[in-house]
1. Determine, yes or no, whether E59 is acidic (D, E) and open to solvent by 80 Å² or more (accessible area, probe 1.4 Å).
2. Return the only residue of R30, R49 being of a type in the set (D, E, K, R), modelled with pLDDT of 90 or more, over 22 Å from I93 (Cβ atoms) and open to solvent by less than 100 Å² (accessible area, probe 1.4 Å).
3. Which number in (1) farther than 23 Å from S42 by Cβ; (2) open to solvent by less than 30 Å² (accessible area, probe 1.4 Å) marks the one condition that F115 misses?
4. In the stretch 75-112, what count of residues is obtained for those that are open to solvent by 50 Å² or more (accessible area, probe 1.4 Å) and free of Cβ contacts under 8 Å to residues at least 24 places away in the same chain?
5. Being farther than 13 Å from Y80 by Cβ and either touching a residue at least 60 places away in the same chain (Cβ under 8 Å) or not in a helix (DSSP H, G or I) (or both) is the filter here, so list the residues in the stretch 28-40 that pass it.
6. Please state which one of A13, A71, A5 is open to solvent by less than 40 Å² (accessible area, probe 1.4 Å) and of a type in the set (G, A, S).
7. Could you list all residues from the stretch 112-127 that are part of a helix (DSSP H, G or I) and under 14 Å from A78 (Cα atoms)?
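The values are calculated or read from the model by the stated rules, or taken from the named source; none is laboratory data. Worth saying up front: this structure is predicted, and the values here are computed from it rather than measured. All Cβ positions, glycine included, derive from the backbone under ideal geometry; neighbour counts span all protein chains shown. For accessibility, only protein heavy atoms count, side chains too; no ligands or nucleic acids. Shrake-Rupley method; radii C 1.70, N 1.55, O 1.52, S 1.80 Å.
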Amino acid sequence: MIAVASIVLSAIAVAFSIFVFVEGRRRYKRDIFLNIHEHLISEDQYRRRQLLLSHSFDEVSIEKLSLSDRANISRAMAMYDTLGLYLRRGYLIEDDVIEMWGNAAYRAWRKAQPFVERRARRTGLPA
């Protein structure tokens, strides 16, 4: 009887440990997402996204941008790159990211294509 009770208690302890681990990992992923989200909604990032989204770009119009504007657009793209990297590596909960930033990331990706192609041509590496 004592052996059975100790096995049951051990099984309960293992199950509880697994639950705590899974819940902690989920909370960790949400905390990382909230941190990235805070960066994405910052005033600077908002302005950078608006700069990217508010114009139609081609090679000529990209060259006409000031260095500051090109850098700001690159920073906006870099935040989405970071979001995508964290998502691909499993550091974030995919449903949360897609629900909150999926449409914005898609619109930014489409608008960023001239910049992506330009970078690929200049470096000879796929962007």
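1. When the stated conditions are applied, E59 does not pass them.
2. R49
3. Single failed check for F115: (1).
4. Counting residues in the stretch 75-112 that are open to solvent by 50 Å² or more (accessible area, probe 1.4 Å) and free of Cβ contacts under 8 Å to residues at least 24 places away in the same chain gives 11.
5. Correct list: K29, R30, I32, F33.
6. Residue meeting the stated conditions: A71.
7. If the condition is that a residue be part of a helix (DSSP H, G or I) and under 14 Å from A78 (Cα atoms), then A112, Q113, F115, V116, R119 are the ones that fit.
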